[in-house]
Amino acid sequence: MRRRWTGRRYDTGELVLIDAEDGVIVSVTAARGVEGNGAGEIVVKSEGESENEKFCWISPGWIDLQVNGFAGYDLNGEVTSPEDVYGVARALFARGVTSFCPTVITGSAERISQAMRAIHAACEHDQLLGEAIPGIHLEGPYLSAEDGPRGAHDKAHIREPVFAEFAAWQEAAGGRIALCTVAPEKEGAVLFIRQLRDAGVRVSIGHTMAVAEELGDAVAAGATMSTHLGNGAHPVLPRHPNYIWEQLAEDALTAMFIADGHHLGAAALKTMIRAKQSRFILVSDSVKFGGMPPGRYDSEIGQQVELLDNGRLQTAADPRILAGSAQPLMRGIENAMKLAGVSLAEAIDAVTKRPAEAMGWQELGRLEPGARANLTLFRMEEEGGRGTQGSRIGQGRIQIEQTVIGGRTVWQDGASLW
């Protein structure tokens, strides 16, 4: 079935018609004199708006490479159920995300296997969910055991990389593990990275205290990304050299940033984005408390956490310590513009084109014929005036109008259609 959407391209501001058939974009053409509400079109008229401003922004569907949970659903509990996966997906669809990597973190071999089986089973049971999950992100257990770089990962389950163990998890996941975070200083890490690369799994450096030589060896072996760079690190570091500077300077590494306004301060986020230029990706790294009302909650890590009105998630015992991210990817887009001064086009590229390219997902992240018809239609409260490519408009909040996966609308007008 052929469907059509109308909107202003996020990267040029041009009003376009996007036609899709059988879940694939078949044409993207300039729209002139478009009126009314055709099939799949989003037209919202109001007095005082120019012709183009009646239409939403339209972009490729947003991609989040790091999601631990959301809206009360946890992908890393003692037991992960298919319902957890469905619940996270529905919550993300409402926030403009069309593709995401469920992120399974450090734990016992059985807990990781169980989570992998649950995610695979959910994807097998629902075709659309399987399409929305192009891969799983395994973050650990092959990370630094050092306080600071280890972050919140359970030290009792940190261990050296063994490909046979990974292969067993990959089998449990039905071959869906597409990204693995590794600390290069672990014994056997370089060989392990080569094995992952040869198996078609992308490797990201993270939760590490590696020195320059170890980081260089990891890149030579096939590592291509940095996991939430600037976090999972010692509170105090040498001015230089250190493992953050080294990864920022390494052109072969694409850096993922948590731009929730809490994990990286405004100056750090702005500086890191400028250093990486076109080689940065925004991720949420959200946990199950994301999207929940402010308050205190019991956490699986054995302590209470507190979610503040401003979205900061911290331990109740020590407010200085973050307990994960509670912000969706859309807040990272807003903050990249507001705090780091990037354009709308740059911020959206960081959640569409760049993650797709980094992961080798050629059918995603593009508004072009032949690309998958994954679309995010949104409006933005623009305090600094409206603009197109290169403009600095990011002072307001994003409002999602419609989320489309494979040509099927899964969220629209405040309601789930999946």
Name the single residue, out of those in segment 85-112 being assigned to a loop (DSSP other than H, G, I, E, B) and hydroxyl-bearing (Ser, Thr, Tyr), that is nearest to the chain's Cα centre (by Cα). Thr106
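Quick grid of which residues meet (1) under 13 Å from the mean Cα position of the chain (by Cα); (2) of a type in the set (Val, Ile, Thr):
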{"site": "Met330", "(1), (2)": "yes, no"}
{"site": "Leu339", "(1), (2)": "no, no"}
{"site": "Ala345", "(1), (2)": "no, no"}
{"site": "Val351", "(1), (2)": "yes, yes"}
{"site": "Ala356", "(1), (2)": "yes, no"}
{"site": "Leu364", "(1), (2)": "no, no"}
Sort through Gly230, Gly206, Gly222, Gly216 and tell me the only one that's over 24 Å from the mean Cα position of the chain (by Cα) and in the same structural domain as Ala167 (by the TED database). Gly216
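Looking only at residues in segment 164-192 that are of a type in the set (D, E, K, R) and closer than 23 Å to Ala145 by Cα, which one is least open to solvent (accessible area, probe 1.4 Å)?
First pass over segment 164-192, keeping only residues of a type in the set (D, E, K, R): 165, 171, 176, 185-187.
The next check asks that each one be closer than 23 Å to Ala145 by Cα; those that pass are 165, 185-187.
Numbers: Glu165: 47, Glu185: 48, Lys186: 27, Glu187: 140 Å².
Out of the qualifying residues, it is Lys186.
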Picked from segment 99-133 (must be buried (at least 18 other Cβ atoms within 10 Å of the Cβ) and small (Gly, Ala, Ser)), the residue farthest from Ala89 (Cα to Cα) is Gly107
Note on segment 400-418: residues within 12 Å of Thr376 (Cβ to Cβ) and touching a residue at least 12 places away in the same chain (Cβ under 8 Å) are Ile400, Glu401, Gln402, Thr403, Val404, Ile405, Thr409, Val410, Trp411
Can you name the number of the only condition in (1) open to solvent by 30 Å² or more (accessible area, probe 1.4 Å); (2) modelled with pLDDT under 95 that Thr29 fails? (2)
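Take residues that are farther than 30 Å from Ala71 by Cα and open to solvent by less than 30 Å² (accessible area, probe 1.4 Å) and tell me which of the helices (runs of 4 or more DSSP H) falling wholly in segment 193-299 contain 2 or more. Can you show your working first?
Details: elements: 212-221, 243-249, 266-276.
Fully inside segment 193-299 and qualifying: 212-221, 243-249.
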Of the conditions (1) touching a helix residue (DSSP H, G or I) at 6+ places or on another chain (Cβ under 9 Å); (2) over 18 Å from Ser204 (Cβ atoms), Ser284 fails just one. Which one is it? (2)
Which residue out of Gly48, Gly72, Gly77 is in the same structural domain as Met225 (by the TED database), at pLDDT below 95 and either out of contact with any helix residue (DSSP H, G or I) (no Cβ under 6 Å at 6 or more places or on another chain) or not hydroxyl-bearing (Ser, Thr, Tyr) (or both)? Gly77
Before we move on, is His234 under 30 Å from Tyr73 (Cα atoms) and either modelled with pLDDT under 95 or among the acidic types (Asp, Glu) (or both)? yes
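Of everything in segment 301-328 that's polar (S, T, N, Q), surrounded by 14 or more Cβ atoms within 10 Å (Cβ to Cβ) and free of Cβ contacts under 8 Å to residues at least 60 places away in the same chain, which residue is farthest from Leu92 (Cα to Cα)? Don't jump to the end; show me each part of the working.
Residues of segment 301-328 that are polar (S, T, N, Q), as a first pass: 303-304, 310, 314-315, 325, 327.
Subset that is surrounded by 14 or more Cβ atoms within 10 Å (Cβ to Cβ): 314-315, 325, 327.
If we keep only those that are free of Cβ contacts under 8 Å to residues at least 60 places away in the same chain as well, we get 314-315.
On the way: Gln314: 22, Thr315: 24 Å.
Filtering first and then ranking leaves Thr315.
The values are calculated or read from the model by the stated rules, or taken from the named source; none is laboratory data. If you're wondering where the values come from, they're calculated on a predicted model, not measured in any experiment. Neighbour counts run over all protein chains shown; Cβ positions are idealised from the backbone, glycine included. For the accessible areas, the whole protein counts, side chains as well, though only heavy atoms, and no ligand, DNA or RNA atoms are used. Shrake-Rupley method; radii C 1.70, N 1.55, O 1.52, S 1.80 Å.
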